[in-house]
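J.: First the structure, then my questions, so here it is.
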Amino acid sequence: MSIYSTAQQQLASRIENQTIAVSQWKNWRWQLKNAITRVGAVEDLLGIQLDAAEKQALQQTLQKFPLSITPYYLSLIDHKEFRNDPVFRQAFPDPRELEINDCDMTDPLAEDQDSPVSGITHRYPDRVLFHISNICSMYCRHCTRKRKVGDKDTIPSRQQIQSGLDYIRQTPVIRDVLLSGGDPLMLSDDYLDWILTELRRIDHVQVIRLGTRMPVVLPYRITDDLVAMLKKHHPLWINTHFNHPREITASAREALSKLADAGIPLGNQSVLLAGVNDCPRIIKALVHKLVANRVRPYYLYQCDLSEGLAHFRTPVGKGIEIMESLIGHTSGFAVPTYVIDAPGGGGKIPLTPNYLVSLSTNKVVLRNYEGVITTYREPDHYEAKFCDRNCATCELQLQLDDVDETVATGIERLLSDCDRTISLTPANTQRMERRDDA
Ligand SMILES: *Cc1c(COP(=O)(O)O)cnc(C)c1O
């Protein structure tokens, strides 16, 4: 599809009751101002007709989970086949969103619990999620933060952002800050410039990342001015969120090349969604189009347990089947990591098909993507070096000023030579309580 196709021109003139120039169509503020929020407007603009009972059910859905679609994203829907359209399914409400399952949770990732100050989720040792926007240009029906969609408060004030910045400033272990939301690119260039400048002034912040769906749902937000501003704050990485190859249009490609040309490494996080992309061929087409546009597939997420997403969930086996169809079959850098974001806040857990078939003390039996079973002979002599984490006296040459982590945590700690921990035991087991009582 070209930039400003005939279908888009027709859509734009239905919105404005007159023809509009391509420059206006590509004006992101025009797109935001004209975001479609009513079912009736979607019907009119797509030229489709829903029956009264369905509209009634949709109204109820919207009371809990509102609707918003940019004209651009709406224009990608094929109105002749709209029910099965991957863009329609991601953007248009479904009464099944109101079905609540036993396993559903409002905050499955416990982001609100792992929050030391409002706006920050500090879960991993060295990096934080910083929510700098509560708004989006398009409301994804599969949003994991659905509980917050359409909340009244919009963009956090400077004072609110300051408290997040203060936390980061006072917490030297943080070397990576992930700006998220909402969509951080809903902020004006100036406001975002201020936040990035403040973050850059903190010595221990090595990397800044920004997660945005703008290249997918509103690619015109990626203006030359925006890119020139972002470029000042390197090293800056951007992760975006394409779920289907159909979303990689001429407009999206233009946005991606502006960002890549500015030296911003691009990644993509997809969510596995039933009825949208739960198919090895669709995902393969997607990752191929992404790498052709200099975007590295980063994560493929198993759909979270947030309320209202049950109809989007696939079995984990579907994700494994997709990974099986990618690993070995295509370029290594086109293969994302398939993850489940652990309910309760355990973070992302990677899942892959099994390639390790068996092992003895000197041989490993492996299988490849074709089903070939092969062996790897282990070295006859390997002198294990005792590691006391004292790198200064080690023959392996790590410059100490390159080290920023000191203690081993988690499973790494169990593997370590110099730590005597032999098991990780959950607190509050009955067995441990009995010990305490004794
Ligand atoms: C996903 C996530 C991160 C970043 O994880 P990476 O694996 O480094 O991309 C950081 N904090 C939270 C809370 C997250 O959910």
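J.: Once you have the Cα-Cα distance between Thr197 and Gln159, take 0.36 nm times their residue separation minus that, and quote the gain in nm to one decimal.
T.: 12.1 nm
J.: For the chain, with every protein chain kept in place, what is the accessible area per residue (1.4 Å probe, Å²)?
T.: Details: 22680 Å² over 438 residues.
Value for the chain: 52 Å² per residue.
J.: Can you give the FRET efficiency for Glu321 and Tyr376, using 1/(1 + (r/R0)^6), R0 = 35 Å, r = Cβ-Cβ distance, to the nearest 0.05? Working shown, then result.
T.: Details: r = 26 Å, r/R0 = 0.74.
So, using R0 = 35 Å, E works out to roughly 0.85.
J.: Could I ask something else about it? Where the convex hull is taken over the Cα atoms of segment 120-351, what is its projected area averaged over directions, in nm²? Walk me through the numbers on the way to the answer.
T.: On the way: hull surface 48.6 nm².
Seen from a random direction, the Cα hull of segment 120-351 projects 12.1 nm² on average.
J.: For Leu415 and Lys33, compute 0.36 nm times the residue count separating them, minus their Cα-Cα distance, and round to one decimal in nm.
T.: On the way: separation 382, 0.36 × 382 = 137.52 nm, distance 5.53 nm.
Working it through step by step, the gained length comes to 132.0 nm.
J.: While we're on this one: Is segment 1-154 best put as rounded, prolate or oblate by its Cα gyration tensor, with a ≥ b ≥ c the root eigenvalues, rounded for a/c under 1.5, and otherwise prolate when a/b is larger than b/c, oblate when not? Don't jump to the answer; show the numbers that get you there.
T.: On the way: a/c = 2.49, a/b = 1.50, b/c = 1.66.
Taking the square roots of the gyration eigenvalues as a ≥ b ≥ c, segment 1-154 is oblate.
J.: For segment 98-187, just say rounded, prolate or oblate: build the C-alpha gyration tensor, square-root its eigenvalues into a ≥ b ≥ c, call rounded for a/c under 1.5, and beyond that prolate if a/b exceeds b/c, oblate if not.
T.: On the way: a/c = 2.28, a/b = 1.41, b/c = 1.62.
In terms of gyration-tensor shape, oblate.
J.: Using r as the Cβ-Cβ distance of Ala292 and Ala438, and R0 as 56 Å, what FRET efficiency do you calculate, to the nearest 0.05?
T.: On the way: r = 64 Å, r/R0 = 1.15.
Computed FRET efficiency for Ala292 and Ala438 comes out at 0.30.
J.: Determine the equivalent ellipsoid of the chain by diagonalising the alpha-carbon gyration tensor, then write out the semi-axes as square roots of 5 times the eigenvalues, largest first, rounded to whole Å.
T.: On the way: eigenvalues 333, 142, 118 Å².
Here the semi-axes work out to 41, 27, 24 Å.
J.: Applying 1/(1 + (r/R0)^6) with R0 = 41 Å to the Cβ-Cβ distance of Arg83 and Lys231, what FRET efficiency is obtained, to the nearest 0.05?
T.: 0.45
J.: Within 10 Å, at most 14 other Cβ atoms, and a DSSP state outside H, G, I, E, B define an exposed site. Report the longest part of the chain free of exposed chymotrypsin sites (Phe, Trp or Tyr not before Pro). Display every interim value, and only then the final one.
T.: Working: sites that count: Tyr355, Tyr369, Tyr382, Phe386.
Of all site-free stretches, the longest is 1-354.
J.: Normalising by the residue count of the chain, find the relative contact order in percent from Cα pairs under 8 Å and 6+ residues apart. Before the final figure, lay out each step's value.
T.: Values: 692 pairs, mean separation 54.1, N = 438.
It rounds to 12 percent for the chain.
J.: Of His142, His204, which has the most accessible area and how do the rest follow, probe 1.4 Å?
T.: His204, His142
J.: Got a sec? Which residues in segment 222-239 would a label at Ser188 touch, if it sits 7 Å along Cα→Cβ and we count backbone N under 16 Å?
T.: Within reach of a label on Ser188: 225-226, 229.
J.: Roughly to the nearest percent, how much of the accessible area of the chain is carbon and sulfur, given a 1.4 Å probe? Don't skip to the answer; put the middle values down first.
T.: Working: 11460 of 22680 Å².
Summing carbon and sulfur atoms, their accessible area is 51 percent of the total for the chain.
J.: A further question follows. Need the full-extension length gain, Ser423 to Asp401, defined as separation in residues times 0.36 nm minus the C-alpha distance. One decimal, nm. Please report the intermediate quantities before stating the final value.
T.: Values: separation 22, 0.36 × 22 = 7.92 nm, distance 3.12 nm.
Full extension from Ser423 to Asp401 adds 4.8 nm.
J.: Now for a separate question. Considering the dipole of the chain built from charges on the beta carbon (Lys and Arg +1, Asp and Glu -1) around the Cα centre, which of Gly346, Gln160, Pro280 is farthest to its positive end?
T.: Most positive-ward Cα: Pro280.
J.: Restricting to lysines 8 or more places apart or on different chains, can you count the pairs in segment 179-325 with Cα atoms under 23 Å from each other?
T.: 5
J.: May I pose another question? Counting only DSSP beta bridges with both residues in the chain, tell me the antiparallel percent, nearest 5.
T.: In the chain, DSSP labels about 35 percent of beta bridges as antiparallel.
J.: Just how far, in whole angstrom, is segment 1-20 from segment 24-73 if you go by their alpha carbon centroids?
T.: So the separation of the two Cα centres works out to 16 Å.
J.: In segment 270-371, which trypsin sites (Lys or Arg not before Pro) fall in coil by DSSP and have 16 or fewer other Cβ atoms within 10 Å?
T.: Passing both the DSSP loop test and the Cβ count: Arg294.
J.: With a point put 7 Å past each Cα toward its Cβ, work out how far Gln170 is from Ala392 in nm, to one decimal.
T.: Once both label points are built, they end up 3.2 nm from each other.
J.: Take the alpha carbon gyration tensor of segment 254-371, find the square roots of its eigenvalues, order them as a ≥ b ≥ c, and report rounded if a/c is under 1.5; if not, report prolate when a/b exceeds b/c, else oblate.
T.: oblate
The values are calculated or read from the model by the stated rules, or taken from the named source; none is laboratory data. On a predicted model such as this, the values are computed, not experimentally measured, just so you know. Note that each Cβ is placed from the backbone with ideal geometry, even for glycine, and that neighbours are counted across all protein chains shown. Only protein heavy atoms, including side chains, enter the accessible area calculation; ligands, DNA and RNA are left aside. Shrake-Rupley method; radii C 1.70, N 1.55, O 1.52, S 1.80 Å.
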